[in-house]
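One structure is given below, encoded as structure tokens.
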């Protein structure tokens, strides 16, 4: 990165497409909800196109969304990220200790009378983000290499620990506390497939594009000419994914406005708390703005695609657990877009002299 002395706010230096992202996202959410409402059969139509428990339209949308971001990652620099023990430990603690525990506490404190929605929220808390976080981190000018490494670690933990943590938070811990328990069987195969589709394919495509592109054109041409051409497709894929997600459960969401509000409250508290903990941890550890931002968004985001797939596979497509998973992105998307702007406005506190966007 080159250093600049401009006093122009970082937010204003975003492209027009990025600067008006909240408008595009709200429009995509409304379009999806309306589509699901006026055409109830759209959910069944989309659900027929699946690979196992993975929706093919969502997989395509996420692949288009993730590919440009992962093609920007400088994979030869990820080794330095792995060697940053402060970052790695902070990420694991935030994602796999504090995150699930906070969601469990909020679910029981704020939804004690709604067991299905409460269970759905707990499942959401176990599904750590491995996809959309790359978009939020990139928009906030976070460290791409750090985000890629933390997302990869989350994917491994998701396969290994999701079932164990589900048993702990749905059966063992509630039993210890004298609360009602929930029996749930999680398919390791379904979780593995979800990780491979939502992260593995775009990661492989991005890595091969970076490797072969630099070999053919060199880094300067690759980053200066090729990446700007494919960059906008990340947002196109994001908007398409949002339309599909909300169309799948548009009727359920619009038919249960009170449930949406009840689930929204703990989710809002969760996102704000996890983001704040991530930013505070990075600041205390002296990680710098870029890695702190990657840490904060990785901690705040969740893999709603996996949470929805697990809830539907375990409890059924019309269950309250599945509805809680669907409400998740309804709240997460606009909140994390807002947190992108919060992060950008906090940037000068980390760097008194702003750096230009890479």
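Here are the numbers:
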{"read-out": "Flag for residue 108 being assigned to a helix (DSSP H, G or I), over 20 Å from the mean Cα position of the chain (by Cα) and touching a residue at least 60 places away in the same chain (Cβ under 8 Å)", "value": "yes"}
{"read-out": "Test set (1) crowded, with 24+ Cβ neighbours inside 10 Å; (2) free of Cβ contacts under 8 Å to residues at least 40 places away in the same chain - residue 280 fails condition number", "value": "(1)"}
{"read-out": "Test: residue in the stretch 237-255 that is over 26 Å from residue 65 (Cα atoms), modelled with pLDDT under 95 and either within 19 Å of the chain's Cα centre (by Cα) or not in a helix (DSSP H, G or I) (or both)", "value": "no"}
{"read-out": "So residue 203, is it touching a residue at least 40 places away in the same chain (Cβ under 8 Å) and under 20 Å from residue 147 (Cβ atoms)", "value": "yes"}
{"read-out": "Given (1) farther than 23 Å from residue 339 by Cβ; (2) in a helix (DSSP H, G or I); (3) without any contact (Cβ under 8 Å) to a residue 60 or more places away in the chain, index of the condition residue 173 fails", "value": "(3)"}
{"read-out": "Restricting the stretch 111-141 to residues that are outside any helix (DSSP H, G or I) and more than 13 Å from the chain's Cα centre (by Cα), the residue that is surrounded by the fewest Cβ atoms within 10 Å (Cβ to Cβ)", "value": "113"}
{"read-out": "Residue 304 being modelled with pLDDT under 90 and more than 17 Å from residue 107 (Cα to Cα)", "value": "no"}
{"read-out": "Residue in the stretch 328-342 that is more than 22 Å from residue 86 (Cβ to Cβ), in contact with a strand residue (DSSP E or B) (Cβ under 8 Å, 6 or more places away or on another chain), buried (at least 24 other Cβ atoms within 10 Å of the Cβ) and at pLDDT below 95 present", "value": "yes"}
{"read-out": "Candidates 194, 183 - the one that is under 19 Å from residue 302 (Cα atoms) and modelled with pLDDT under 90", "value": "194"}
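The values are calculated or read from the model by the stated rules, or taken from the named source; none is laboratory data. The structure displayed is predicted, hence computed values, not measured ones. Ideal geometry is used to build each Cβ from the backbone, glycine not excepted, and the neighbour counts take in all protein chains shown.
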